[in-house]
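Following: one structure in structure tokens, then a few remarks.
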Amino acid sequence: MAKKQFKAESKRLLDLMIHSIYTHKEIFLRELISNASDAIDKLYYRSLTENNTGLSREDFEIRLDINSEERILTISDNGIGMTREELESNLGTIARSGSLAFKKEKEAKDEIDIIGQFGVGFYSSFMVSSNVTVISKAYGEEQAYMWESTGSDGYTLTECDKPNYGTEIILKIKENHEDENYDEFLQEYKIRGLVKKYSDYIRYPIKMNTQQRKLKEGTEDEYETVIEDQTLNSMVPIWRKNKNEISTEEYHHFYQEKFYDFSDPAKVIHTNVEGVSTYNALLYIPGKAPYNYYTKEYEKGLQLYSSGVLIMDKCADLLPDYFSFVKGLVDSQDLSLNISREMLQHDRQLKAIASRLEKKIKSELLEMQKTEREKYEDFFKNFGLQLKYGLYDRFGANKEMLQDLVLFYSSTENKPVTLSEYVSRMKLDQKYIYYACGDSVERIERLPQTEMLKDKGFEILYFTDDIDEFAIRMLHEFDGKEFRSVSSDDLGFEESETDKEAARKEAEDYQDMFAFMKETLGDKVSEVRLSQRLKTHPVCLASSGGLSIEMEKILNAMPN
Ligand code: ADP
Ligand code: MG
């Protein structure tokens, strides 16, 4: 039978994977087990929503089988299975994401990124196998099919016999080669260890026939080796466990595997709440902003489980936009399985959970700000912009939630500071919180308008993001102190009568020159007048009215 070819890009991606990702080759098992678990989830979900399947939870299992003589490792499940078409489209091409993976390939510093991020999990089996056979029968179908491939040279697809629905993945494990050890994937203890390490929380039993030393029946000191089915995983989902039973490593593994990130999260938030609404939540703040975070493609949301069964992959209603960077899941027994998206939007339980999560996220961030400042500044580099958008959004209605979380660069501290830190340092005669806008800290440093304030020893916040001034205007004030741009007319100084008089006199003396300047500049300026603000610079530009020069610039640059 003629072999079908993989799509070209799949082929190159396969080569890349097989030949360059040695260090992490053990993750193939995790990938295949999680596929099996997904397949069972799909069937289990069906059994819960349709009444006539006759299936119950106890029926489901994932099995591992080692045949070391034949060098074969089998992973089987009694999940939903695949039809002929599904085998072809799911395993014959690296789905749409494959082409994306390929475009990104050059940018990916660490090749390992490719596996999880772009859903090519199944292909990782070729890292350890010289041949992969998939036998599958879709639930409710009569005919089973066999898919077979030795890697990048294509695959065959034929009819075959299989008594029950589900999928069997048969790996012919490679021979040891130089310093590459493959034999270990045929060793019971190694497989057992890998299941514990990566797949312990899988909610269906992962069973294997294992050799066990047992006390011989009827004796007290005679042992015998028996072969017995053993469940290798503890099955309790990680979020249902006690916090003190979970290591940081486990939390991170779970995060990386579930949310396709290969860097560690910046923060893990795990809460178990009982009361009016009962739920477990496991949330993560990523260590890096996803590459598409500040684009329209990025989709916010938490996974939503009802008593351990996944009912929605990205429940957007659980997260406000300003915390859209949070990844994670919520498991609640108070939600119905059959609940639809539309119903969820109006669900009171869900709203209550969302509002508690929001408060929790805020308090965890504040804690980080207090106790792990550097980490917080890193976090803010990644997601601070989103928080500032949040301040601006809804005409400042999120003020209470966000005002303590934002940081701005300070002229006196030479680093980002919080607003309350600023206020705590304000001088007795200082009326306002001063800020200056510009493209960069360096450029703001050179602004003529900042000179006098600096001379007087006042701290100035530097606004370098377009959104900053807009956001702060929505805040209006912080802790009773109003914000003032360094370019504004009134900086709140008490001027003595003699100073005022001197200024008036000076303005009068130069009246003719100002008139001449105005005439020469024409429409480019609305007024030329004397400023008491300047020290070493001869002139500065300022705006009158509600908008600052910077805001005008930004608004003018926006497409209509
Ligand atoms: P992902 O799991 O990220 O979708 P994979 O490469 O791991 O990507 O799997 C590709 C697809 O193949 C899955 O989405 C699923 O539809 C199908 N698949 C893989 N393994 C199984 C299985 N054991 N049972 C049913 N379908 C499977
Ligand atoms: Mg997968």
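Could you tell me which trypsin sites (Lys or Arg not before Pro) in the stretch 405-511 are loop residues by DSSP with no more than 14 other beta carbons within 10 angstrom of their beta carbon?
Arg425, Lys427, Arg446, Lys456
With both partners inside the stretch 291-419, how many of the DSSP beta bridges are antiparallel, as a percent to the nearest 5?
Beta bridges within the stretch 291-419, antiparallel portion: roughly 65 percent.
For the stretch 374-405 and the stretch 442-482, write down the distance between their C-alpha centroids in whole Å.
Spelled out, the Cα-based centre of one part sits 17 Å from the other.
Could you tell me the distance between the Cα centroids of the stretch 352-370 and the stretch 162-204, to the nearest Å?
Going from one Cα centre to the other spans 40 Å.
Evaluate the charge dipole of the stretch 244-306 about its Cα centre and quote only its size in Debye, nearest 20, assuming +1 on the Cβ of each Lys and Arg and -1 on the Cβ of each Asp and Glu.
Roughly 320 debye for the stretch 244-306.
Using DSSP to define loop residues, name the chymotrypsin sites (Phe, Trp or Tyr not before Pro) in the stretch 242-305 whose beta-carbon has at most 14 other beta-carbon atoms within 10 Å.
Tyr291, Tyr294, Tyr298
Which listed residue (Ser277, Leu91, Gly328) has the Cα farthest towards the positive end of the charge dipole for the chain, taking +1 on Lys and Arg C-beta and -1 on Asp and Glu C-beta about the Cα centre?
Farthest towards the positive pole: Ser277.
Based on Cβ point charges of +1 for Lys and Arg and -1 for Asp and Glu, what charge dipole magnitude is obtained for the chain about its Cα centre, in debye rounded to the nearest 20?
For this selection, approximately 600 debye.
What are the DSSP H helices in the chain that stretch 20 Å or more along their long axis, judged by alpha-carbon atoms, and whose average Kyte-Doolittle hydropathy comes to at least -0.5?
Long hydrophobic helices here: 27-49.
Modelled label-to-label distance, Glu519 and Ala316, 7 Å Cα→beta-carbon offset: nm?
6.1 nm
About the Cα centre of the stretch 123-264, what is the dipole size in debye to 20, counting +1 per Lys and Arg Cβ and -1 per Asp and Glu Cβ, all else neutral?
620 debye
For the chain, what is the calculated [θ] at 222 nm in deg cm²/dmol (nearest 500), taking -39500 (n - 2.57) for each run of four or more DSSP H residues and dividing by its residue count?
Value at 222 nm, helices only, nearest 500: -10500 deg cm²/dmol.
Toward the positive end of the charge dipole of the chain, about the Cα centre and with charges on Cβ (Lys, Arg +1; Asp, Glu -1), which of Tyr139, Tyr201, Ala503 goes farthest?
The one lying farthest along the dipole's positive direction is Ala503.
Where the centroid of each part is defined by its Cα atoms, how far is the stretch 275-289 from the stretch 507-558 in Å?
Measuring centre to centre over Cα atoms gives 52 Å.
Obtain the nm distance between the two label points defined at Thr158 and Asp479 by a simple spin-label model: each point lies 7 Å from its Cα along the Cα-to-C-beta direction.
Roughly 7.7 nm, to one decimal.
For Tyr434, what residues show an amide H to amide H distance below 5 Å, using hydrogens built from the backbone and excluding near sequence neighbours?
It is Leu461, Arg484, by chain and number.
Computed FRET efficiency, Cβ-Cβ of Leu555 and Arg213, R0 60 Å: what is it to the nearest 0.05?
About 0.20, to the nearest 0.05.
Using 7 Å Cα-to-Cβ label points, what is the Glu250/Lys500 separation (nm, one decimal)?
That separation, rounded to one decimal, is 7.2 nm.
Laboratory data are not the source of any read-out in this text; all were calculated from the coordinates shown. Worth saying up front: this structure is predicted, and the values here are computed from it rather than measured. So basically every Cβ, Gly included, is an ideal-geometry build from the backbone, and we count neighbours across all protein chains shown.
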